[in-house]
Amino acid sequence: MKNAILLLLAAASIVGCSASRTYITDAQVIGPYSPGVKVGDLLFVSGQIALKPGTGELAGDDIESQTRQALENLRSILNKAGYDVSDVVQCTVYLKNIGDYSRMNQIYGSFFTQGRYPSRTAVEVSNLPRSAKIEITAVACKGR
């Protein structure tokens with residue numbers, strides 16, 4: 001626990017918690033949170049599920065359709081903040097069924113540039129908002 005606290009403190013000093021913050025708010029959300037928060041050169045993107053813009057409906061019942069839409073929603077928030085997919089340095093993927101891992105991986109792998117994939121964690125969870133099959137968060141960094 002002590003090491004985790006030290007790591008968080010080190011990360012905060014590197015990012016510079018006193019850096020200005022920009023809140024990305026012009027995207028559809030289903031709760032009291034910002035779709036993205038820019039702190040210094042970093043952009044923290046909230047979890048994206050497969051909601052189709054404008055309708056609030058999930059983009060299908062299969063993991064492939066939902067993965068594509070979640071990634072497109074992620075791209076939209078990145079673009080609104082002046083970032084693109086190549087700026088993503090870390091993702092966390094939450095799967096309702098870890099059995100969908102390889103099919104998700106096929107879609108996910110085609111979204112990023114081969115050889116320049118962001119770091120990633122993928123875990124199975126018991127449920128997700130709107131009973132989605134996948135949720136993806138990201139951290140992006142603009143190079144200087």
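If GLY54 satisfies all but one of (1) at pLDDT 95 or above; (2) exposed (fewer than 15 other Cβ atoms within 10 Å of the Cβ); (3) closer than 25 Å to THR25 by Cα, what's the number of the condition it fails?
So the condition that GLY54 fails would be (1).
Do we have any residue at all in the stretch 33-50 that's surrounded by fewer than 15 Cβ atoms within 10 Å (Cβ to Cβ), on the phi < 0 side of the Ramachandran plot, in a loop (DSSP other than H, G, I, E, B) and at pLDDT below 95?
Yes, that holds for at least one residue.
If I ask for residues that are part of a strand (DSSP E or B) and buried (at least 18 other Cβ atoms within 10 Å of the Cβ), which ones from the stretch 88-102 would you list?
Those that are part of a strand (DSSP E or B) and buried (at least 18 other Cβ atoms within 10 Å of the Cβ): VAL88, CYS91, VAL93, TYR94, LEU95.
For the condition out of contact with any Lys or Arg (no Cβ under 6 Å at 6 or more places or on another chain) and modelled with pLDDT under 90, what is the one hit in THR67, THR25?
One residue alone meets the criteria, THR25.
Need the failing condition index for SER86 against (1) more than 16 Å from the chain's Cα centre (by Cα); (2) modelled with pLDDT of 80 or more; (3) of a type in the set (Gly, Ala, Ser); (4) on the phi < 0 side of the Ramachandran plot, just the number.
(1)
Residues being part of a strand (DSSP E or B) and farther than 22 Å from ASP41 by Cβ: count how many of those fall in the stretch 122-144.
Of the residues in the stretch 122-144, the ones part of a strand (DSSP E or B) are 122-124, 134-141.
Narrowing further to those that are farther than 22 Å from ASP41 by Cβ: 122-124, 134-135.
Matching residues across the stretch 122-144 total 5.
It is to be established whether one or more residues within the stretch 70-87 are part of a strand (DSSP E or B) and out of contact with any helix residue (DSSP H, G or I) (no Cβ under 9 Å at 6 or more places or on another chain).
Taking every residue of the stretch 70-87 in turn, none turns out to be part of a strand (DSSP E or B) and out of contact with any helix residue (DSSP H, G or I) (no Cβ under 9 Å at 6 or more places or on another chain).
Checking the structure you have, find out if any residue of the stretch 59-78 is without any contact (Cβ under 8 Å) to a residue 40 or more places away in the chain, of a type in the set (A, V, I, L, M) and under 28 Å from SER20 (Cα atoms).
Checked against the condition, which is being without any contact (Cβ under 8 Å) to a residue 40 or more places away in the chain, of a type in the set (A, V, I, L, M) and under 28 Å from SER20 (Cα atoms), the stretch 59-78 yields no hits at all.
Cβ-Cβ distance below 8 Å, separation of 6 or more or different chains: which pairs start in the stretch 19-35 with a residue that is without any contact (Cβ under 8 Å) to a residue 12 or more places away in the chain and end on one that is exposed (fewer than 12 other Cβ atoms within 10 Å of the Cβ)?
Note: no pairs meet the criteria.
From (1) assigned to a helix (DSSP H, G or I); (2) of a type outside the set (A, V, I, L, M); (3) touching a strand residue (DSSP E or B) at 6+ places or on another chain (Cβ under 6 Å), pick out the condition that doesn't hold for ASN105.
Against the list (1) assigned to a helix (DSSP H, G or I); (2) of a type outside the set (A, V, I, L, M); (3) touching a strand residue (DSSP E or B) at 6+ places or on another chain (Cβ under 6 Å), ASN105 comes up short only on (3).
The values are calculated or read from the model by the stated rules, or taken from the named source; none is laboratory data. Keep in mind it's a predicted model, so treat the numbers as computed, not measured. Ideal geometry is used to build each Cβ from the backbone, glycine not excepted, and the neighbour counts take in all protein chains shown.
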